[in-house]
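The values are calculated or read from the model by the stated rules, or taken from the named source; none is laboratory data. Remember, predicted model here, so these are calculated numbers, not experimental data. Neighbour counts are summed over all protein chains in view; Cβ atoms, including those assigned to glycine, are modelled from backbone coordinates with ideal geometry. We work out accessible area using only protein heavy atoms, side chains counted, and drop any ligands, DNA or RNA first. Shrake-Rupley method; radii C 1.70, N 1.55, O 1.52, S 1.80 Å.
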Amino acid sequence: MLVTTAIVIYFKQLTEGLADRHRFVTMQAVGLTPLETAAAIRTQVLAVFLLPVGGALLNLAVAFPGIRKILKLFSMYDGWLELKIAVGVAVLLLVIYLSVYAVTTRLYQRVVASGQPTDGDVVR
């Protein structure tokens, strides 16, 4: 599910980059610097990538009491272990999403700067 979500977001951002190219060209024509363009792209893509991570962390926080009750019911509860696993899963999720975010941001900037991506860009 994580990989599927990351791939969908990646290609959605690629499509948006192709659509936004004309807007960025227009904004650069009226004075938007390349640094400001890169910052705007990073902000936009980061917001899209962090929404699912925030939702997953909220889901984990809401599910935590239920998981605790189930583990206690089966006499398998260890609060410290549960906390370590929850933090580990959250960190893993964040690392995967930020990795895909970095790749997507570079591709988005290339699409905006040069127009159409090459076949190699879409595969990466």
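Taking the residues in region 1-23 that are under 13 Å from Arg110 (Cα atoms) and not small (Gly, Ala, Ser) as candidates, determine which candidate is surrounded by the fewest Cβ atoms within 10 Å (Cβ to Cβ).
Ranking the candidates gives Thr15 first.
Can we say Thr43 is of a type in the set (Val, Ile, Thr) and either loosely packed, with under 12 Cβ neighbours inside 10 Å or on the phi > 0 side of the Ramachandran plot (or both)?
It is true that Thr43 is of a type in the set (Val, Ile, Thr) and either loosely packed, with under 12 Cβ neighbours inside 10 Å or on the phi > 0 side of the Ramachandran plot (or both).
Mind counting the residues in region 29-40 that are open to solvent by 50 Å² or more (accessible area, probe 1.4 Å) and at pLDDT 80 or above?
Going through region 29-40 one residue at a time, the tally reaches 5.
Considering only region 107-116, I want to know if a residue exists there that is modelled with pLDDT of 85 or more, in contact with a helix residue (DSSP H, G or I) (Cβ under 9 Å, 6 or more places away or on another chain) and not charged (D, E, K, R). Steps first, answer last, please.
So the first thing to find is which residues in region 107-116 are modelled with pLDDT of 85 or more, and the list is none.
Checking region 107-116: not a single residue is modelled with pLDDT of 85 or more, in contact with a helix residue (DSSP H, G or I) (Cβ under 9 Å, 6 or more places away or on another chain) and not charged (D, E, K, R).
Can you confirm whether Arg42 is more than 13 Å from the chain's Cα centre (by Cα), of a type outside the set (A, V, I, L, M) and in a helix (DSSP H, G or I)?
no
Return only the number of the condition from (1) farther than 19 Å from Met1 by Cβ; (2) open to solvent by less than 70 Å² (accessible area, probe 1.4 Å) that Thr26 does not satisfy.
Result: Thr26 passes all but (2).
Does any residue in region 10-23 that is more than 15 Å from Tyr101 (Cα to Cα) come within less than 7 Å, Cβ to Cβ, of a residue that is surrounded by 16 or more Cβ atoms within 10 Å (Cβ to Cβ) six or more places away or on a different chain, and which pairs are these?
Matching pairs, first to second residue: Leu18/Val111; Asp20/Val112; Arg21/Val111; Arg21/Val112.
For Val53, are the conditions met, namely being open to solvent by less than 60 Å² (accessible area, probe 1.4 Å), in contact (Cβ under 8 Å) with a residue 60 or more places away in the chain and within 26 Å of Val95 (Cβ to Cβ)?
The answer is no for Val53.
How many of the residues in region 76-102 are touching a residue at least 12 places away in the same chain (Cβ under 8 Å) and farther than 14 Å from Val48 by Cα?
Residues that pass the stated criteria total 6.
Go through region 46-88 and give me each residue that's assigned to a helix (DSSP H, G or I) and either among the β-branched types (Val, Ile, Thr) or at positive phi (or both). I'd like the intermediate steps shown before the answer.
As a first pass, look at region 46-88 and keep what is assigned to a helix (DSSP H, G or I): 46-73, 79-88.
Val48, Val53, Val62, Ile67, Ile70, Ile85, Val87 - these are the residues of region 46-88 that are assigned to a helix (DSSP H, G or I) and either among the β-branched types (Val, Ile, Thr) or at positive phi (or both).
How many residues are of a type in the set (S, T, N, Q) and modelled with pLDDT under 85 if we restrict to region 79-106?
2
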